[in-house]
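Student: First, the structure itself, so that you have it in front of you.
The values are calculated or read from the model by the stated rules, or taken from the named source; none is laboratory data. Remember, it's a predicted structure, so these values are computed and weren't measured experimentally. Neighbour counts are summed over all protein chains in view; Cβ atoms, including those assigned to glycine, are modelled from backbone coordinates with ideal geometry. The accessibility values were calculated without ligands, DNA or RNA, using every heavy atom of the protein model including side chains. Shrake-Rupley method; radii C 1.70, N 1.55, O 1.52, S 1.80 Å.
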Amino acid sequence: MSGLAGGGEAARVNMAFIGAIVAVATIGGFMFGYDSGVINGTQDGLESAFNLSKLGTGFNVGAILLGCAAGAFLAGRLADRIGRRSVMMIAAVLFILSALGTGAADSSAVFIVARIVGGLGVGAASVLSPVYISEVTPASIRGRLSSVQQIMIITGLTGAFVANYLLAATAGGSTAEFWMGFPAWRWMFWMQVIPAGIFFLTLLLIPESPRYLVVKGREAEAEGVLTRLFGAAEARRKVEEIRASLAADHHRPSLKDLVDKTTGKIRPIVWTGIGLAVFQQLVGINVVFYYGAVLWQSVGFSEDDALKINILSGSLSILACLATVLLIDRIGRKPLLLAGSAGMAVTLGIMTAAFSTATVVDGAVELSDGAGLIALIAANAYVVFFNLSWGPVMWVMLGEMFPNQIRGSGLAVAGFAQWIANFGISVSFPALAAGLGLPITYGFYATSALVSLFFVRAMVKETRGRELEEMTG
């Protein structure tokens, strides 16, 4: 599809149809964000209802990530068997079941099981939405359309923050009774049923990935989808191109494909994917997403103000992602990653310095007004740098960087690594913050951001403007 970048060929691209497909697929990103962010603001209710310790709170918060790791791994493999759209529909059902279960849970064990179920859906959506988008969009605009996924993730997070704030404000607090005798924090989880239901219904309206259809020998169906996307002539050419990319090594996709047959070692592109996935979490972004309200309350902000700060961070994230949409196909993926690593290292370093001035009074962390303001500004600048770079770009690259034959398997392994790292960072934060202190904890995130800069320089290859059939490694 390199010819789609300009000339008369570009006029055949059905942008309305592509836009509709992307809009539906990225609802998965919205659910990814909403299901991840809804926990932020419910922790007082969880601790009260289930009598949790700090470590217990960390596990209840982080339990979803175990499901995410399994969901990402299984979805990548399952998508090669039954299709991208089919697995996303399963994810939508899991979102609904999780929303109902977490809100109704009468014990920590039931809550954890329900969160793991939701995690299976989040993990599946996290890897399949971007790869589906990459497989139905022209190379010339693939980056910006795939970046919409991150905008929807942040929109989902912000939507959860807004819903949590409104529910808590209306009820008089997250643990106060809201409706039908249930506290507001339970309704925060039940609200997820609405977007999850919309996701499932709209998935019925979009086609299966044409690349998956070609792999399965359903070339007539694939050509039909591609014709609607790009016109009849381009559809025929594209089917031939996909078939040719598979012909040299055409067999049922397997995890064994991740090993280079000539060297017997794991392919370098797989290590790059794993590195991108892990570093995105080692910089600590989900501490802000999952523990933002608790963090700001711990340094002197009220629950109401802490929830408002969450909304501010989410809004800034959306604006940063919009900037990425404008830049990613112009300056490329690698420059954005490098700039993001440098910016996050600096802002996390400032947060480390600010928290190093904190004092502990009656077991609570306190910052001076000046240090608190510096920490707040640095934290929001950090969120902006992340969402200008590693937030959207990592998912874009995972969706496009693997060759056709190993895309499902590569995503399975990289997605699994991403969510395991996420789990480790998220579950460890309460204990680390309490035991080692916020300065050392944020110092680790700052160091990880700095190391990620050198990783990108050494390992990441630019993918801007390259066709998926051209990807090697």
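Student: Roughly speaking, what is the stretch gain from Lys256 to Leu436, that is 0.36 nm per residue apart minus the C-alpha to C-alpha distance, in nm to one decimal?
Tutor: 60.6 nm
Student: Can you tally the net charge around Val131? Count Lys and Arg as +1, Asp and Glu as -1, for every other residue whose Cβ sits under 14 Å from the Cβ of Val131.
Tutor: Summing Lys and Arg as +1 and Asp and Glu as -1 gives +2.
Student: With θ set to phi - 60° and the Karplus curve 6.51 cos²θ - 1.76 cosθ + 1.60, what are the ³J(HN,Hα) couplings of segment 69-81 in order, to the nearest whole Hz, using x for Gly and Pro?
Tutor: Rounded to whole hertz, the list is 4, 5, x, 5, 5, 5, 5, x, 6, 5, 5, 6, 9.
Student: What FRET efficiency do you get for Arg218 and Ser356 if R0 is 60 Å and r is their Cβ-Cβ distance, rounded to the nearest 0.05?
Tutor: Given R0 = 60 Å and the Cβ-Cβ separation, E is 0.50.
Student: Roll a 1.4 Å probe over the protein chains and send me the accessible area per residue for segment 58-125 in Å².
Tutor: 29 Å²
Student: Still on this structure, I have one more. 5 Å is the cut-off here: which amide hydrogens, built 1.01 Å from N in the peptide plane, fall below it relative to Phe178, excluding neighbours closer than 5 in sequence?
Tutor: Amide H neighbours of Phe178: Ala184.
Student: From largest accessible area down, sort Phe111, Phe423; use a 1.4 Å probe on the protein chains.
Tutor: Descending order: Phe423, Phe111.
Student: Amide H to amide H, which residues 5 or more places from Ile266 or on other chains are under 5 Å from it, using H placed in the peptide plane?
Tutor: Asp260
Student: Given H placed on each backbone N at 1.01 Å, which residues far from Thr463 in sequence or on other chains put an amide H within less than 5 Å of it?
Tutor: Here Arg333, Lys334 satisfy the definition.
Student: In addition: Rounded if a/c is under 1.5, else prolate if a/b is larger than b/c, else oblate: which is segment 405-456, with a ≥ b ≥ c the root eigenvalues of its Cα gyration tensor?
Tutor: oblate
Student: Okay, moving on. Contour minus end-to-end for Glu462 and Val193, with contour as 0.36 nm per residue of separation and end-to-end as the Cα-Cα distance?
Tutor: 92.9 nm
Student: Let me ask you something else. Residue-wise, which Karplus ³J(HN,Hα) couplings in Hz belong to segment 152-160, taking 6.51 cos²θ - 1.76 cosθ + 1.60, θ = phi - 60°, and x for glycine or proline?
Tutor: 6, 4, 5, 4, x, 4, 5, x, 5
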